[in-house]
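What follows is a single structure, written as structure tokens, with notes after it.
The values are calculated or read from the model by the stated rules, or taken from the named source; none is laboratory data. Since we're looking at a predicted model, the values are computed, not measured. Every residue, glycine among them, receives a Cβ derived from its backbone with ideal geometry; neighbour counts consider all protein chains shown. Just the protein is used for accessible areas: all its heavy atoms, side chains included, with ligands, DNA and RNA removed. Shrake-Rupley method; radii C 1.70, N 1.55, O 1.52, S 1.80 Å.
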Amino acid sequence: IPLYSLKAAAGDFSGEQSPGFVDWVRPQTSHPLRRGMFVVQVVGRSMEPLIPDGSYCIFRRTPEGARNGAVVLVERHDSPDPETGWRFTVKRYRSDRARAEIVLEPVNLEFERIVIREGGDATLRVIGELVEVLKPDARAEPA
């Protein structure tokens, strides 16, 4: 499956990046590898202990639809914040239709939730859903 140069933030949105293909890899995993899966590195502590800082993770591209409660890789699609340049993050996805908002929740309670109100300026795109956090010694070997 492809390894991308994208480093997703487990914190707020990461800096401006242009994700690029690095190599084909064969991660050591018990999950069957399928079309639409990819590997990226997650940096930061907001998803600890589920995703340790610096971990490589397998994601699968997600079609539109229900993803409430899933851990997802999200891209902020509007122009990046001029002060921080944040663009990518990994969080647990919650949709609150009654309040017309999407909440991106960290696992680590030391970090704040990210709340995106529908109809606001921010536009999000869910890129993929977490399949597995790779063990440090089981990263990904070139295919």
May I ask you to list the residues in the range 91-118 that are open to solvent by less than 90 Å² (accessible area, probe 1.4 Å) and over 21 Å from residue 45 (Cβ atoms)?
95, 96, 100, 101, 102, 116
Residues being in contact with an Asp or Glu (Cβ under 8 Å, 6 or more places away or on another chain) and of a type in the set (A, V, I, L, M, F, W, C) - total across the range 17-41
1
Here is a list of conditions, (1) farther than 10 Å from residue 131 by Cα; (2) open to solvent by 70 Å² or more (accessible area, probe 1.4 Å), and residue 60 meets all of them except one; can you say which number that is?
(1)
Per-region count, the range 34-59, residues part of a loop (DSSP other than H, G, I, E, B) and within 15 Å of residue 5 (Cα to Cα):
1
Selection from the range 76-107 of residues out of contact with any Gly (no Cβ under 9 Å at 6 or more places or on another chain), within 26 Å of residue 39 (Cα to Cα) and either assigned to a loop (DSSP other than H, G, I, E, B) or at pLDDT 85 or above (or both) yields 77, 78, 79, 81, 91, 95, 102, 103, 104, 105, 107
Considering only residues that are in a loop (DSSP other than H, G, I, E, B), open to solvent by less than 80 Å² (accessible area, probe 1.4 Å) and at pLDDT 75 or above, which ones fall in the range 7-33?
29, 31, 32, 33
